Structure formats: C-alpha cells, structure tokens
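Structure, as structure tokens:
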Amino acid sequence: MRYTKLNFMMSVLGIIIYITDLIVDIWVSVRFFREGQYVFSVLTVSFMLFGTLVVQCFSYSWFKADLKKAGQESQHCFLLLHCLQGGIFTRYWFTLKKGYHVAFKYSSKTDNFIEEQIDLHKEVIDRVTDLSMLRLFETYLEGCPQLVLQLYTFLEHGQANFSQYAAIMVSCCAISWSTVDYQVALRKSLPDKNLLNGLCPKLTYLFYKLFTILSWMLSVVLLLFLNIKIALFLLLLLWFFGISWAFKNQTQFCASISMELLYRVVVGFILIFTFFNIKGQNTKCPMSCYYIVRILATLGILIVFWVCPPSIFNSDYFIPISIIIALTLFLGIIFLIVYYGALHPNRGEEAKPDEIDGKPVQIDCRMKYFLME
C-alpha cells in the first residue's frame, strides 16, 4: 500500500474538477438570474447548498473523530472553516501537503519499507479516501440534480448557451471522476481487499455507471415535461424506498446516531440515480431487481411520452432523445454484465458476501463500515 506520484497527480486533478464544477455552477446560477429565470437560479443555488452542507457535516464530524482518536481537543477553527464551507478545501490542503512530502520527497530517500514509511503512506491514503467519499456525496447530492436541471432547460428552449453546455460537460466529468476515484481510493485503503487495477476495469466501471445514470436522468427529464408533480412524486417515492432499504439493512457507517440517520438519508438519495450495495451481502438479487425496475420505469416513461407528448416539448428532439435513452441504458447494462462477469476484482474468489458497507475494517480505522461496490 503506497501513495505514489501518480496518486498525487490524481488528487490534484480531483481538486481542479471540484473547483471547476463549483465555478460553473455559480456561473450558471448568475446567468439564469440575469436572464430572468429566477426559479432555475434558485434551484441551482439550492442544490449547491444542499450538497455542500451535508458534506461539511460529514467532514467536520470526521475531523472531530480524528482529533479525539489522537487525544486532542476539538479546535474551533475547524468548526469555523466548515461553517464557511471550507471543509473540503481544508482537507485538500492537508492531503496535498502531506501527499507531496510522501510521494516526492520521502519516497525518494529509500525504497525500503519500514513501519514508519507504511504508516505515512497509509495516513495519506486514508485522507484521500475521506476526500473521495465526500466528493462522491457531493456529486450525487448536487451534481446529479444539477445535470437534470440543465438537461431540462436545454430541451425546453431547444438551445443552450455556453454556460449550460459547460455545466453539462463538467457535471458528467464530475460524476464519472468521483465514482471511479472513490472505488480506486477505497479499495486501496483496505489492505484485505483486491485493488481495482488496470485501465480496462476502470473504464468499464465508469461507462456502466455513466450510461445507466445518464439514461435515467434523461427519462426523468421527459417525465418532468409530462407532469412535474408526478415526476417529483416518483423521485420522492424512490428516495423514501432508498431510505427504507438503508434502515432495513441497518447500516452502521457512522459512530453517532444522528450522523448515521443523515447517512441513510444520503444513501436513499444516491439510490435514486444508481445502485450501491449498502450492506455486506450478495448483490446479484438486489442489483437485478433494481435494474429490472429501472428498465421497466424507463420503458414506461418512453411509452407514455410517445402516446401523450406534451405540447411544450419540441417534437424534433423526441426521437433522438428516445434513441439516446434506449442506447445508453442498453450499453450501461452491457458494461455492468462485463464488469461483474469478467473484470470485478473479486471475480476469481469463492462466492461470499460483498465487502460493501457491511464488513468491519481495521480497528484503527476511523469508520467501521464503508459503502462501496
């Protein structure tokens, strides 16, 4: 387990994507406001605040746990930084500072791994894993709703300005990056887990997630054109089912009850857009049911939209959008089958419960359970 120069460059790329995503979201919000589209402007800001507030809560609770573990008192400056929405930047600062020392300076002295070296590398890897988890939360809480909103405004007006194109592209990059980066970082932080090595497994996993998510988002956008109330009811219902599933599985991710409740709410929200195994169990049946329902819901939306097309929707876009939805869903399922059938890190091992969020990690690890796939 070693934090390399490539890992450091990936961390730098991660903060670049994070800052770019933040700037573009602010830019789009201001653009909506200047064009008189106040509802879209408020929604954009609301999604940003919702995502960042949740992430700051998790980040600060982890800082407190780290300080308590080290026998130090909680510092008020950390609370102030998180109240000012600077928790992620604070973590990136500490991680990049320590990571640069480990990857470039410390490792150049000697290649002999003594206990002190292993501890230093593990410390940085654990910090990177924390950041990857927080970025994953932020992506699905803020990035996915933002992408749905941008796609809706684009299809409603039949055209988009440069800021909207930029927002769509950056959101797609952020979703793709955070999802794959999370898998790689988390598996690397757990010594008893197989690493996600090689470009092919990573790309296959990325395309599986990206295509299935994009297909569902476009379907939700079509449903919004049909009836906004029905679409919101469906999303809230899926959110409720996701939260119920987390409670049924009795997740044990956080030490405190309040943070565990918040975690289950976040898990329910993530399950609106993509599947995650939230407990250490065999994923074949839950995942099959999840994507069977996803396919049926997508087909149902397309059929209803074909039979009762809304007057406000540009009919010239319907056939291309329908093809894109069907094609991305089909490709996403194909990549899913290929990944779990031939490229999954555990494919060569005996059948056993997955390691996702249900198996205790090392005793000295800050969190007992992880959500992973």
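The values are calculated or read from the model by the stated rules, or taken from the named source; none is laboratory data. Computed from a predicted structure; not experimentally measured. Glycine gets a Cβ as well: all are built from the backbone with ideal geometry, and neighbour counts include every protein chain shown. Quick note on the areas: whole protein, heavy atoms, side chains included, nothing else; ligands and nucleic acids left out. Shrake-Rupley method; radii C 1.70, N 1.55, O 1.52, S 1.80 Å.
Can you pull out the helices (runs of 4 or more DSSP H) entirely within region 1-90 that have at least 2 residues that are among the basic types (Lys, Arg)? I'd like the intermediate steps shown before the answer.
On the way: elements: 5-34, 38-69, 76-83.
Of the helices (runs of 4 or more DSSP H) lying wholly inside region 1-90, those with at least 2 residues that are among the basic types (Lys, Arg) span 5-34, 38-69.
Counting only residues that are out of contact with any Leu (no Cβ under 7 Å at 6 or more places or on another chain) and under 19 Å from Val148 (Cβ atoms), region 239-264 holds 3 of them. For region 191-202, which residues satisfy the criterion of being open to solvent by less than 70 Å² (accessible area, probe 1.4 Å) and outside any loop (DSSP other than H, G, I, E, B)? Matches in region 191-202: Pro201, Lys202.
Condition check ((1) within 19 Å of Thr328 (Cα to Cα); (2) within 18 Å of the chain's Cα centre (by Cα)) across all residues:
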{"site": "Leu196", "(1), (2)": "no, yes"}
{"site": "Leu206", "(1), (2)": "yes, yes"}
{"site": "Ile230", "(1), (2)": "no, no"}
{"site": "Gln252", "(1), (2)": "no, no"}
{"site": "Leu296", "(1), (2)": "yes, no"}
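Among the numbered conditions (1) surrounded by 15 or more Cβ atoms within 10 Å (Cβ to Cβ); (2) without any contact (Cβ under 8 Å) to a residue 12 or more places away in the chain; (3) under 16 Å from Val124 (Cβ atoms), the only one that Asn7 does not meet is (2). Of all residues assigned to region 172-182, at least one qualifies as being touching an Asp or Glu at 6+ places or on another chain (Cβ under 6 Å) and small (Gly, Ala, Ser). Here Phe276 does not fit the description of being open to solvent by less than 20 Å² (accessible area, probe 1.4 Å) and modelled with pLDDT under 70.
Taking the options Leu262, Leu237, Leu206, Leu271, name whichever one is without any contact (Cβ under 8 Å) to a residue 12 or more places away in the chain, part of a helix (DSSP H, G or I) and open to solvent by 10 Å² or more (accessible area, probe 1.4 Å).
Values: Leu262 fails: without any contact (Cβ under 8 Å) to a residue 12 or more places away in the chain; Leu206 fails: without any contact (Cβ under 8 Å) to a residue 12 or more places away in the chain; Leu271 fails: without any contact (Cβ under 8 Å) to a residue 12 or more places away in the chain.
When all the criteria are applied, what remains is Leu237.
The one condition from (1) within 30 Å of Leu155 (Cα to Cα); (2) in a helix (DSSP H, G or I) that Phe276 does not meet is (2).
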